[in-house]
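Quick note: the coordinates plus some simple rules give every number you see, no bench work behind them. Being a predicted model, the structure only gives us computed values, none of them experimental. Quick reminder, even Gly has a Cβ in these numbers, built from the backbone with ideal geometry, and neighbours come from all protein chains shown.
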Amino acid sequence: MINILICVLSTLGALAILAAAIGVLRMPDFYLRLSVTVKAATLGVGLFLVCAAILFPDVSVTTKSIAIIFFLVLTAPVAAHLIARTAFRSGVDQWKGTQNEVADEMKKQQDPKKEL
């Protein structure tokens, strides 16, 4: 029963990482690629760590897996946000489908001549 659970979770983790890889190829701009990659890769790695915690029932392995999952979930979105913000400030173009007044609120913060 444990082996079936590990197989299912490993397969789901591999499919999540595959979705991240396909997302890198299919998404039209940097920001969407970053979003897909961070979300799917975090899920995939988290599922693999859950598999490791189940496979090795030692307390130290389980504790380390939970700690890694916690820090990954905590730091991956923050890192992606900072990378996207730096890319925006560096002038990386957005996809034409996402450029509108609502999605571009940061441009007002960059340009001191515009009113907030």
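The phi torsions of segment 66-79, fed into the Karplus equation with coefficients 6.51, -1.76 and 1.60 and a -60° offset, translate into couplings of 5, 5, 5, 4, 4, 5, 5, 5, 6, 9, 4, x, 5, 5 Hz, rounded to whole numbers, with Gly and Pro shown as x. Would you work out if segment 1-88 is rounded, prolate or oblate? Take a ≥ b ≥ c from the square roots of the eigenvalues of the alpha-carbon gyration tensor; rounded if a/c is under 1.5, else prolate when a/b is larger than b/c, oblate otherwise. Verdict is oblate for segment 1-88. Taken about its Cα centre, segment 33-102 carries a charge dipole of about 160 debye when Lys and Arg each add +1 at the Cβ and Asp and Glu each add -1 at the Cβ. Between ILE66 and TRP95, the FRET efficiency from the beta-carbon distance, with R0 = 41 Å, is close to 0.65.
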